Amino acid sequence: MQFKSTKLPAAWRAVLALGVVVAFAMACASVADESEAEDSYRTWYYDGLDEFSKILYDESVRMSGDTLTTTFEHDSSMFSGEEGLELLKGYMMNAYISLKCEWIGMYVTQGPMDLNVDDETFTISYAHTGLFASASAAHRDMESALGSIEIDDSSRYSAVVSIHDYVCNLLTYSERTVTEADYSLYNALLGDHMVVCEGYAKLFKALCDLHDVPCVIVTGNALGNNGALTNHMYDYVMMDDGAWYLVDATWDDQDSGISRTYLLAGSDSEGFFKPVRDTHFPNTGALAPPALSRTAYVPSEVFFSYDSASSTLRFYGTGEIPDTDGDSNWAAFKKTAKAIVVSDGIVSIGKRAFYGFSKVASVYIGKDVEIIGERAFTRCSSLESLTIPGNVASVGKFAFYGCNKMSDLVTKDGLESIGYRAFYGCAGLRSVTVASTVASIGSGAFGGCSFYDADGATPLSPVPADIAGYKFKGENGALVLSTKFVDGFKFSKDGLRYQVTSCLSKDRQVALIGHADGISSLVVPGSVSTSAGYIPVTSIGSKAFYGCGSLTSADLGEVRSVGYKAFARCTSLSSLALPEGLSSISSYAFYGCSELAALVIPGDEVDVGTSAFSACTGLKSVVFAGTGASIGTNAFYRCTGMETLDLGGVCSVGYKAFPYCNGMKSLTIPGSVESIGAYAFYSCAGLESLTVQDGVMEIGKSAFSECASLGSVDIGGSVASIGANAFYKHSFYAPDGKTKLAANAESLSGHAFAGTGTKLIMTE
């Protein structure tokens, strides 16, 4: 990789005529090792002309002096009459445009040549320019000006980029009433530098010719963003792959700075508002330029250029910026560069590449960079802000060490590792965004900075588990988790409404609190994506879906709790999936969900609150699949359609938990249930068979009162307490069927009873 300037050789090959049109083929002699394809551009338009247009072209070359007139003989009979005259005008125009495109030193006023016909004699005349008094002096001045321009011609690509940027920097598009100067190469170089597209195209070509870059000027039309077609002139350049690419320096010279949108573009390249093929329409026929490449040119090496006007050091091409030790070719700009641009195509930034570039205030990292090397930007002490794009996978150790003026740092998702002391000493940081994908943060990576949770008091360790995926703001190195997602904040996502219930990064949670009207199917996401990262959805808020008559199915995802009346009176809810991690179902959570037919409560130690499923009259099957569940007061009150109840590993059944569950015919209370609450199964009119397994310690008062259909009761030997009226309206007898037993634990525990009506006789 090199940067060098090249001066015009003493005998410039592209001789500019002293006020006279000079043939391009003579002015730019090809070098011996150029390919035939590259050499052919020099007379591209001439070679495509018809025979008579070539004669006009050749005769123009023979002019000399300041008269700019030549007379020659030719058969003029072919141009008689109006038809012949129109044909002659066409030949004249083709010859003139070819001259304009190939002879950049054509110092004549705008407009076609003046051609007079007298018998068999033709006279070609041009009007001399009024831009200068002496053609020979103008030639010398232009030669000197072109030769003084510093161009990096270490490669064809670097030359094209360097020429393009020089032209854009030097020239200003003329908005005045157009004069001859606006079209002139002379004015572009030596005048006020205000020109239209023709001046841009000619200066670009003049420099390309000087530095052996195959280039043709292209004329035709262009479509502006206002939808209007206008005449336009620009350039095509042949690169080292043998293909031709468009360069439109006029369009790239923007008020906001130099663009490279139309630098070595192909027909499919995206422009400012449309692809090139839909904005640039070159002439056809004899004046057609070479075929344009479909795709843009991609260089196969890394190059750099320095724009002294903006103090910008730019790297482009493909490959790696190599490791250095202060001896790089671009080290000459260490004390002057204020901006570094690493363009798309470059895949890595080497060790110490920009170590100590103390004036650099901004750095742009292209979309293909994957690695930022060790100490790559160490002691860039003027760097103010930095964005590391997601294509960068790793930031090396000490990469931005000592960038003490950096105030804003953004790392985007895709970054995986931040090296040892990568941002050490960046004490000026006021805003830091850490990518959620960061898996490794080296020791001291943010030395000099402290991280705190959203409360501003809870310290966070600078490790991925604590800071990855979050944004922090602060002063004097104290960076506080910055998020609107504080406790109580409400927001909507995908038709559902949420509220933050815990904002601390180690335990950030949200509750689902509402919905869009008309929801029929609910699937609660495990987490919701926000600007603060993915936040787990851990609960359903109070009355979140209260009275939602349109809801027919609900999958509660991974929530741990369901709030008060969360789904109460959802009268169309027929399908409900509860998560295994569910720990509590609050009071009246599913009250009056009359269409719910089956229920599985899968988790362990679930707390089913007061009236949680009361009045679910269509509920036929209830299964507790986990262990340790507790069933609260009135939890299944008046679930009149219940037919089967599997209490699994339930530990307690509360007061009036299942009264009026008339559909049950058989019930087993497992040994895991320590106590059966008062009135727990009161008036379960259809209950015929009851088994209380060993392990149950207490049966509360009136627990099975008014269960008039009981014909079989088996009470485990562990029952130590049976409350008053636990089996109201039933009488228990000894095996003889005559001796009545007291309905207490002493008489009934460890025995089974059977009978009809209200009389139950001990069977064992």
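Computed from the Cβ-Cβ distance with R0 of 35 Å, the FRET efficiency linking Asp408 to Asp604 stands at 0.15.
Pairs of alpha-carbon atoms within less than 8 angstrom and 6+ residues apart define the contacts here; what relative contact order does the stretch 253-367 have, in percent?
This gives 19 percent for the stretch 253-367.
For the chain, the longest principal axis of the Cα atoms and the long axis of helix 197-210 meet at an angle of about 80 degrees. Note: relative contact order over the stretch 127-263, using C-alpha pairs below 8 Å and six or more positions apart, is 20 percent. Once the Cα atoms are used to define both axes, helix 135-147 deviates from the longest principal axis of the chain by about 30 degrees. Placing dummy labels 7 Å off each Cα toward the beta-carbon, the span from Phe281 to Thr71 is 4.3 nm.
Residue pairs exceeding 31 angstrom between C-alpha atoms, taken from Lys473/Lys543; Lys338/Lys473; Lys205/Lys359; Lys205/Lys351: Lys473/Lys543; Lys205/Lys359; Lys205/Lys351. Sorting 435-442, 629-636, 269-276 by their mean Cβ neighbour count within 10 Å, with the most densely packed peptide first, gives 629-636, 435-442, 269-276.
Compared with the dominant principal axis of the Cα atoms in the chain, helix 156-170 is inclined by about 80°.
The Cα-based radius of gyration of the stretch 488-596, divided by its Kirkwood radius, gives an Rg/Rh of 0.96. Stretching Ser721 away from Ser125 to a fully extended chain increases their span by 201.8 nm, per 0.36 nm per residue minus the current alpha-carbon distance. With R₀ set to 45 Å, the beta-carbon distance separating Ala597 from Ser529 gives a calculated FRET efficiency near 0.85.
Counting only DSSP beta bridges with both residues in the chain, the antiparallel share comes to about 50 percent.
Per-residue packing, averaged as other Cβ atoms within 10 Å, sorts the ranges 297-303, 402-408, 589-595, 281-287 into the order 589-595, 402-408, 297-303, 281-287, beginning with the highest. With a ≥ b ≥ c the root eigenvalues of the C-alpha gyration tensor of the stretch 150-287, is it rounded (a/c under 1.5), prolate (a/b larger than b/c) or oblate? Cα axes put the stretch 150-287 in the rounded bin.
For the chain, the relative contact order works out to 4 percent when only alpha carbon pairs closer than 8 Å and six or more residues apart are counted. Maximal additional length on extending the Glu416-Lys620 stretch stands at 68.2 nm, based on 0.36 nm per residue less the C-alpha distance. Over all pairs of different C-alpha atoms, the chain has a mean inverse distance whose reciprocal, the Kirkwood radius, equals 33.9 Å. Legend: ranking of residues Trp330, Trp251 from fewest to most surrounding C-beta atoms inside 10 Å; resulting order Trp330, Trp251.
Estimated at 0.36 nm per residue, the fully extended path between Ala708 and Ala754 surpasses their Cα-Cα distance by 15.2 nm. Annotation: peptides 323-329, 549-555, ranked by per-residue average of other Cβ atoms within 10 Å with the highest first, follow the order 549-555, 323-329.
Read-outs throughout are calculated quantities, based only on the coordinates presented, and are distinct from any laboratory measurement. On a predicted model such as this, the values are computed, not experimentally measured, just so you know. Positions of Cβ are backbone-derived with ideal geometry, glycine not excepted, and every protein chain shown enters the neighbour counts.
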